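See below for the structure under consideration.
The values are calculated or read from the model by the stated rules, or taken from the named source; none is laboratory data. Worth saying up front: this structure is predicted, and the values here are computed from it rather than measured. Backbone-built Cβ (ideal geometry, glycine too); neighbour counts: all protein chains shown.
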Amino acid sequence: MRYAYYPGCSLKGSAKGLDEGVKKVFSALGDELVEIPDWNCCGAFEFGEKERILALSQANIRKGREVSSEIIAPCPACLKNLREAADSSVSVLHPLEVFSEASFWDRLPMKRDLGGRPFTPYYGCILLRPREFALRVRDPMEEIITRLGGKVVSSQVKAQCCGGNLFFKELEVSERLAKKVWEGASGDIVTFCPLCHLVLKTFSEKGRRVFYLTDLILYVMGEREFL
Amino acid sequence: MPLIDEILDLAGYRREDLYVCLGCKICSSICVLNEIGIEANPRNFIINLIMEKEELRRDPLLKYCTGCYACTFFCPWEIKVPDMVRAARAALLPSHPFEQAFSSSLELFGRVYEPYLLFRLLPYFFRKGYLRLLVKGLPSFRLSLPKRVKTEGIFDREKK
């Protein structure tokens, strides 16, 4: 399957690990991710003007359509903005939706498992809300962690806000929200959002870590030595 | 133009979209800010907006709404309060240094180029104590050369 790939700004910078992870998993599945030429920023949540946000993503949809009618967007903010701007000529997908297809497990080369290690799945806000742009599959991270041989713990914090959007504006509020997530979680946290990763890592306690879900998959595939 | 029209226009909403609010306050009970001691009340925000009350300018949501859409998720009408908060911010508050740097990066490169953001925000980050935090929190920092993407003129309006 050939997908148009919209990495978004974070994945081209600080969330490089997620970018590489997504690409490696898709390539192991035998799918092709073709980066959309000249994609532009989706505007994230920094503009109050709806029209401008839509215009940015409509441009990306136009560029993406040239590559494939299925666009993959791993970053939750990009996913929401693209879905809001998409028309019926394209479908905008999140990697978790592809990983939830039944064929995923037939195609994924597994060399080892997670050995029962506990992980807290953490979706954050935008992958789950608002409903019309949210993930179209239920509990994909729980399913994947379990099938990779890990143990899902503390799933009640999965939708609680980490305050990521306030990180660069109201640091102290963002810190309190992130620490509340850590209080509710146990063991290490697994996320799919670059901003959640940044904020949770920044305010993590000693010895507790944040992973991208793709890190876990890469470890099981034998593409990554340590976790 | 009255304030409410300006804000609704920015958010792409009509007055009728707000009139459906039942006043049930589910949004207020669910807002995550209340859990950390900030009294946030999305329902009051909607009412102050409709009534064009001056209190709107002092609403804690203007400053602290994280845009998590929990209020929307539980609202019987799924009113997107965060969209309106963002529009109200744009209409009422001076733009934040982060927003300025963000917009300026989009104008220059068509994307958010992190080294440029860091450069622009260095004095702000230094003053607010971010630098130590970013060393811990950033998993990687890619110093690639920026690329100017073809933007089909969508950023032109920024230069007005």
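The residues on offer are B:Ile47, B:Ile38, B:Ile79, and the sole one that is in contact (Cβ under 8 Å) with a residue 24 or more places away in the chain, out of contact with any helix residue (DSSP H, G or I) (no Cβ under 6 Å at 6 or more places or on another chain) and not in a helix (DSSP H, G or I) is B:Ile79.
A:Arg131 satisfies every condition listed in (1) surrounded by 23 or more Cβ atoms within 10 Å (Cβ to Cβ); (2) within 14 Å of chain B (Cβ to nearest Cβ); (3) more than 19 Å from B:Glu35 (Cα to Cα); (4) more than 16 Å from the chain's Cα centre (by Cα) except (1). Scoring A:Phe119 on the criteria (1) without any contact (Cβ under 8 Å) to a residue 60 or more places away in the chain; (2) among the hydrophobic types (A, V, I, L, M, F, W, C); (3) not in a helix (DSSP H, G or I) leaves a single failure, condition (1).
Looking only at residues in the stretch A:163-172 that are buried (at least 20 other Cβ atoms within 10 Å of the Cβ) and either at the interface with chain B (Cβ under 8 Å from one of its Cβ atoms) or in contact with a strand residue (DSSP E or B) (Cβ under 8 Å, 6 or more places away or on another chain) (or both), which one is farthest from A:Tyr122 (Cα to Cα)? Don't jump to the end; show me each part of the working.
Quick first cut of the stretch A:163-172, residues buried (at least 20 other Cβ atoms within 10 Å of the Cβ) only: A:163-168.
Subset that is either at the interface with chain B (Cβ under 8 Å from one of its Cβ atoms) or in contact with a strand residue (DSSP E or B) (Cβ under 8 Å, 6 or more places away or on another chain) (or both): A:163-166, A:168.
Working: A:Gly163: 13, A:Gly164: 13, A:Asn165: 16, A:Leu166: 18, A:Phe168: 21 Å.
Here the answer is A:Phe168.
Just a yes or no: is a residue in the stretch B:50-70 buried (at least 21 other Cβ atoms within 10 Å of the Cβ), closer than 29 Å to A:Arg62 by Cβ and more than 7 Å from chain A (Cβ to nearest Cβ)? No, there is no match, as no residue in the stretch B:50-70 is buried (at least 21 other Cβ atoms within 10 Å of the Cβ), closer than 29 Å to A:Arg62 by Cβ and more than 7 Å from chain A (Cβ to nearest Cβ).
Per the conditions (1) over 30 Å from B:Lys147 (Cβ atoms); (2) touching a Cys at 6+ places or on another chain (Cβ under 9 Å); (3) aliphatic (A, V, I, L, M), the sole criterion not satisfied by B:Val112 is (1). For the stretch B:84-104, which residues satisfy the criterion of being assigned to a helix (DSSP H, G or I), touching a Lys or Arg at 6+ places or on another chain (Cβ under 7 Å) and at the interface with chain A (Cβ under 8 Å from one of its Cβ atoms)? Matches in the stretch B:84-104: B:Phe98 only.
Give the number of residues within the stretch B:106-137 that are acidic (Asp, Glu) and more than 9 Å from every other protein chain (Cβ to nearest Cβ). Explain how you work it out, then say what you get.
Filtering the stretch B:106-137 for residues acidic (Asp, Glu) gives B:107, B:114.
Now restrict to residues that are more than 9 Å from every other protein chain (Cβ to nearest Cβ): B:107.
Residues meeting the conditions: 1.
Under the condition of being facing chain B (nearest Cβ under 8 Å) and in a helix (DSSP H, G or I), the residues counted in the stretch A:11-53 number 5. The set of residues in the stretch A:38-66 that are among the β-branched types (Val, Ile, Thr) and either touching a Ser or Thr at 6+ places or on another chain (Cβ under 9 Å) or surrounded by fewer than 20 Cβ atoms within 10 Å (Cβ to Cβ) (or both) contains only A:Ile61. Is one or more of the residues making up the stretch B:23-35 in a loop (DSSP other than H, G, I, E, B), within 10 Å of chain A (Cβ to nearest Cβ) and at pLDDT 95 or above? Among the residues of the stretch B:23-35, at least one is in a loop (DSSP other than H, G, I, E, B), within 10 Å of chain A (Cβ to nearest Cβ) and at pLDDT 95 or above, which makes the answer yes. Of everything listed in (1) assigned to a strand (DSSP E or B); (2) within 13 Å of the chain's Cα centre (by Cα); (3) of a type in the set (A, V, I, L, M), the single unmet condition for A:Leu79 is (1). Of all the criteria given as (1) in contact with a His (Cβ under 8 Å, 6 or more places away or on another chain); (2) under 18 Å from A:Arg136 (Cβ atoms), the one not satisfied by A:Ala15 is (2). For the stretch A:145-160, the criterion of being at the interface with chain B (Cβ under 8 Å from one of its Cβ atoms), under 15 Å from the mean Cα position of the chain (by Cα) and among the hydrophobic types (A, V, I, L, M, F, W, C) is satisfied by at least one residue. Within the stretch A:28-80, no residue satisfies the criterion of being hydroxyl-bearing (Ser, Thr, Tyr) and within 17 Å of A:Pro194 (Cβ to Cβ).
Which ones in the stretch B:72-83 are within 9 Å of chain A (Cβ to nearest Cβ) and surrounded by 17 or more Cβ atoms within 10 Å (Cβ to Cβ)?
Answer for the stretch B:72-83, where residues must be within 9 Å of chain A (Cβ to nearest Cβ) and surrounded by 17 or more Cβ atoms within 10 Å (Cβ to Cβ): B:Thr72, B:Phe73, B:Lys80, B:Pro82, B:Asp83.
None of A:Ala159, A:Ala185, A:Ala178 is of a type in the set (Gly, Ala, Ser), closer than 15 Å to A:Arg209 by Cα and touching a Cys at 6+ places or on another chain (Cβ under 9 Å) except A:Ala178.
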